[in-house]
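Everything on this sheet refers to the single structure shown next.
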């Protein structure tokens, strides 16, 4: 039977535990602070659906006609904003302006469900909400769009469901789109 751990073992465990705790707390406070202090505190949150190339608005068209009711992202990047029209970190209840690839506000959606899953266990409600015919169709399309990623069955992703709230009546140039829709 082993006796009490030598002091250096306890010290090592304390350092590891405090390091892990510090990372968790830092991540939590960074997410909480960013939601309260960033530019989204003064405007609605924003989203762009990323297609296969910079001009691909097919996903937006699917959302506008009511077929697309979900989107997904890599869990490690979920809270990270991407450009001027994609705030990241969406939570249930968020009212979000959706922009086309030219920066024009096209509609508003409300986030209804956000959850984490893995790339190997895509639930039907997610792949169907993404207008895919199966989980494998979902994986195939996302492998193409996330080609730079090393995706495996254990890669964590976030599923995000939404409902279409309103559609913009007129398309304005990005510099004049103060709010969306009227």
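The values are calculated or read from the model by the stated rules, or taken from the named source; none is laboratory data. Worth saying up front: this structure is predicted, and the values here are computed from it rather than measured. Cβ atoms come from the backbone with ideal geometry, glycine included; neighbour counts cover every protein chain shown.
For the reader, a short list of remarks on this structure follows.
- Residues (surrounded by fewer than 19 Cβ atoms within 10 Å (Cβ to Cβ) and assigned to a strand (DSSP E or B)) located in the range 48-91: 74
- For residue 115, the test of being in contact (Cβ under 8 Å) with a residue 24 or more places away in the chain and more than 30 Å from residue 153 (Cβ to Cβ) is failed.
- The set of residues in the range 134-164 being in contact with a helix residue (DSSP H, G or I) (Cβ under 8 Å, 6 or more places away or on another chain), closer than 18 Å to residue 52 by Cα and part of a loop (DSSP other than H, G, I, E, B) consists of 151 alone.
- The set of residues from the range 92-122 being more than 17 Å from residue 74 (Cβ to Cβ), modelled with pLDDT of 95 or more and in a loop (DSSP other than H, G, I, E, B) comprises 92, 93, 94.
- Hits in the range 123-141 (condition: more than 14 Å from the chain's Cα centre (by Cα) and closer than 12 Å to residue 71 by Cα): 125, 127, 128, 129, 131, 132, 138
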